[in-house]
Amino acid sequence: MDGVAIENDRSGIFDLCVIGGGINGVGIAEDAAGRGLKVVLCEQSDLGSATSSSSSKLIHGGLRYLEHYEFGLVREALSERETLMHRAPHLVRPLTFVLPHDPAQRPEWMIRIGLWLYDHLGHRRKLPASRHLDLRVAPEGEPLRNRDRGGFAYPDCRVDDARLVILVARSAAGRGAEIRTRTKVVWAGRADGHWCVQTRVDSGAPQELWARILVNAAGPWVESVLEKELALTPKRRIGLVKGSHIVVPRVHTGAQAYLLQNTDGRIVFVIPYEEQFSLIGTTEKPYVGNPAEATIDEDEIDYLLDVANRNFTHETQRQDVVWRYAGVRPLDEDEASSLSEVSRGYSLMIDGKPEEPPLLSVYGGKLTTFRRLAENALEKLRPWLPQMAKPWTAAALLPGGLAERGEPEEIAADLTRRYQWLPAALAARYSRAYGALAGDVIGDAASFEAMGRHFGGSLYEREVAYLVLREWARSAEDVIWRRTKQGLWLTPEEVRNLEAWLAVQVPTATAA
């Protein structure tokens with residue numbers, strides 16, 4: 001940084017500076033801000049723009065982790081499933097999974113024991129128990145090629161992963177945390193008993209902030225941040241694993257999802273997605289390189305299509321794929337001999353001597369357990385923050401959540417009563433995405449025309465403006481893939497028109 005003028009901001013020293021705006025980073029920022037700490041979060045891109053928006057969109061215990069005896073992880077995840085259903089009932093919604101039995105893969109007794117454990121490990125209260133199915137007569141067997149067998153049904157939950165990140169970030173900001181997107185940490189070091197953190201916003205001048213504690217929650221970049229930006233040696237190693245998904249027109253009717261056992265021993269989900277589509281995934285391949293550049297390979301598409309077509313009567317072709325995405329998961333490595341045996345748990349490592357300002361690094365983790373990870377991270381830092389309040393997030397609703405009448409159907413019905421001109425399909429989408437805040441998106445609009453410019457699909461100007469002003473959206477990708485999923489319907493020309501609108505509106509909104 002020699003020879004570069006740096007804007008030095010020591011007017012207020014932060015208690016916590018969090019690097020990384022994925023689910024773990026925003027979760028730690030939310031928890032810390034709610035405990036009375038002064039928090040700043042720096043994200044080099046958009047919130048949830050990497051691993052946290054590239055998942056299978058599930059809040060689940062991880063049934064297959066039981067095979068590797070990760071009972072503690074499954075118990076914690078099942079407990080958090082219940083907690084998140086309470087915190088955001090409009091976003092975290094129950095989903096029944098059908099598991100057709102394939103005796104060539106796993107014996108029936110093993111599946112029965114696994115489902116019994118799944119029912120009882122997490123103190124299940126809101127969801128039904130698993131049950132046996134006769135797929136010859138059960139309606140869940142109708143879409144399958146081979147109905148002459150038994151199967152099982154068990155409950156889990158679906159979620160819009162990217163919107164969950166946004167809601168947690170909004171909760172953090174509402175409690176005083178500063179959320180700085182498009183802000184890359186270019187260097188950080190210990191000085192004068194604090195962390196001096198130098199950041200850069202896009203191509204602007206470097207800025208400097210000071211914090212008592214630094215949290216490295218950079219996900220798949222956690223080692224890179226340690227080695228490059230902090231000039232430190234990682235105490236623990238992560239393995240980078242790429243998981244890919246495809247989205248196709250619905251391969252079956254019905255509200256249920258399917259968990260399919262493949263011939264290689266892996267499992268593949270087929271999940272109803274955005275009403276008209278099916279989400280199929282995931283693959284699991286070692287990854288080397290920049291996580292931001294991960295893309296789905298052609299053989300991964302073939303793999304997922306093959307699994308679906310061998311199980312469903314509906315044939316899906318390569319040209320049917322309407323969206324594909326890949327994400328890189330950071331897995332906390334152990335002595336495992338294969339990817340499937342690498343733990344989906346997490347480790348929290350403190351770097352620094354007792355008299356030095358600490359650095360906490362987050363290794364691994366999964367979407368479902370982010371809140372517990374954040375609690376554990378803050379408790380690990382308590383020796384440096386004795387004034388910190390107690391844990392609080394378990395009972396706290398996320399923005400848009402309602403303790404009563406919080407189901408999307410109930411919120412949609414309220415919307416159509418309040419705005420009688422609002423189409424039912426749009427009210428349903430708003431209720432799922434925004435919950436009790438859906439009315440804020442519509443505002444004082446007294447007619448459909450008052451929603452403003454139509455960008456395509458069901459995306460209108462009022463919603464885009466709301467996303468820019470309230471949810472840190474800056475680009476078309478932020479809007480149509482992470483916050484609304486309207487990219488499934490917009491044409492390339494409509495996307496260009498949206499980008500042009502944002503190019504004019506975003507600088508004004510940012511300045512305001």
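The values are calculated or read from the model by the stated rules, or taken from the named source; none is laboratory data. Note that the structure is a prediction, hence the values are computed from the model and not measured. A quick note on method: Cβ atoms are made from the backbone with ideal geometry, for glycine too, and the neighbour counts reach across all protein chains shown. Ligands, DNA and RNA are stripped out before the accessible areas are found, and what is left, the full protein with its side chains, is counted by its heavy atoms. Shrake-Rupley method; radii C 1.70, N 1.55, O 1.52, S 1.80 Å.
Here is how the numbers come out for the structure above:
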{"quantity": "Residues whose placed amide H lies under 5 Å from that of Val322, excluding near-sequence neighbours", "calculated": "Val247, Val248"}
{"quantity": "Inter-probe distance in nm under a simple model that places probes 7 Å from Cα toward Cβ, at Ala413 and Asp148", "calculated": "4.6"}
{"quantity": "For peptides 29-35, 291-297, sequence by mean Cβ density within 10 Å, most packed first", "calculated": "29-35, 291-297"}
{"quantity": "Distance (nanometres) between label positions extended 7 Å along Cα→Cβ at Val186 and Asp134", "calculated": "7.0"}
{"quantity": "Region 206-230 versus region 184-204: alpha-carbon centroid distance in Å", "calculated": "8"}
{"quantity": "Hull volume in cubic angstrom per residue (convex hull over the Cα atoms of the chain)", "calculated": "157"}
{"quantity": "Separation between Cα centres of region 435-476 and region 266-283, rounded to whole Å", "calculated": "28"}
{"quantity": "Calculated FRET efficiency for the pair Val201/Thr491, C-beta based, R₀ 22 Å, to 0.05", "calculated": "0.10"}
{"quantity": "Distance (nanometres) between label positions extended 7 Å along Cα→Cβ at Glu461 and Glu499", "calculated": "2.2"}
{"quantity": "From the C-alpha gyration tensor of region 140-191, square roots of 5λ in Å", "calculated": "47, 16, 11"}
{"quantity": "Centroid-to-centroid separation of region 400-433 and region 152-171 [C-alpha atoms, Å]", "calculated": "18"}
{"quantity": "Lysines whose Cα lies under 25 Å from that of Lys242, excluding same-chain neighbours fewer than 8 positions away", "calculated": "Lys57, Lys184, Lys228, Lys285, Lys366, Lys485"}
{"quantity": "Set of region 120-140 residues, backbone N closer than 13 Å to the point 7 Å along the Cα-Cβ line of Glu108", "calculated": "132-136"}
{"quantity": "Accessible area of the chain divided out per residue, in Å², using a probe of 1.4 angstrom", "calculated": "41"}
{"quantity": "Carbon plus sulfur fraction of accessible area for the chain, probe 1.4 Å, in percent", "calculated": "51"}
{"quantity": "Rounded FRET efficiency, nearest 0.05, which uses the C-beta distance separating Thr508 from Glu379 and R0 of 56 Å", "calculated": "0.85"}
{"quantity": "CD proxy at 222 nm, helix term only [per DSSP H run n ≥ 4: -39500 (n - 2.57); per residue of the chain; nearest 500]", "calculated": "-8500 deg cm²/dmol"}
{"quantity": "Calculated FRET value between Lys353 and Ala395, using beta carbons and R₀ = 45 Å, to 0.05", "calculated": "0.75"}
